[in-house]
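Below is one structure, written out as structure tokens, with a few remarks after it.
The values are calculated or read from the model by the stated rules, or taken from the named source; none is laboratory data. The structure displayed is predicted, hence computed values, not measured ones. Backbone-built Cβ (ideal geometry, glycine too); neighbour counts: all protein chains shown.
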Amino acid sequence: MKEKIVIYQKPSCSKCRATIALLTESGVEFESINYYDALLSADKLRELIQKLDVSPRDLLRKDEPAAAALGAASDEEIIHAMAQNPDLIQRPIVVRGDSAKLCRPPEKVLDLL
């Protein structure tokens, strides 16, 4: 695989740091995007959801207080809420080409190497 690896992460997240450590230890080059500094648009979230092959609700951090208000929300409403509030997005997300993994646990990143 020659596609570029991109990790969408939050620096204070322990699973994100562990995934970055695994990528670093593997010796592959990757781009790290702090999606709190560079907010993900609704279009980018749709793209990631498609690559992950999950529903928007599967990418939602259900334990976040703001998630409670999304109980009966549509997929589009969930996507827009995540675009406005990055705390609602599960992390880390690692993309390589047309494939992506939600790296919980971090070792899932190894499937992309």
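Taken together, the residues in region 1-15 that are hydrophobic (A, V, I, L, M, F, W, C) and either free of Cβ contacts under 8 Å to residues at least 60 places away in the same chain or touching a Phe, Trp or Tyr at 6+ places or on another chain (Cβ under 9 Å) (or both) amount to 3. Can you spot a residue in region 44-64 that is free of Cβ contacts under 8 Å to residues at least 24 places away in the same chain and aliphatic (A, V, I, L, M)? Scanning region 44-64, I find no residue that is free of Cβ contacts under 8 Å to residues at least 24 places away in the same chain and aliphatic (A, V, I, L, M), so the answer is no. Examine region 14-22 for a residue that is over 12 Å from the mean Cα position of the chain (by Cα) and part of a loop (DSSP other than H, G, I, E, B), and state whether such a residue exists. No, because not a single residue in region 14-22 is over 12 Å from the mean Cα position of the chain (by Cα) and part of a loop (DSSP other than H, G, I, E, B). Condition (residue is modelled with pLDDT under 95 and of a type outside the set (F, W, Y)) applied to region 56-63: is it met by at least one residue? For region 56-63, residues modelled with pLDDT under 95 and of a type outside the set (F, W, Y): present.
Does any residue of region 74-82 turn out to be under 22 Å from K4 (Cα atoms), within 13 Å of the chain's Cα centre (by Cα) and among the aliphatic types (A, V, I, L, M)? Among the residues of region 74-82, not one is under 22 Å from K4 (Cα atoms), within 13 Å of the chain's Cα centre (by Cα) and among the aliphatic types (A, V, I, L, M), which makes the answer no.
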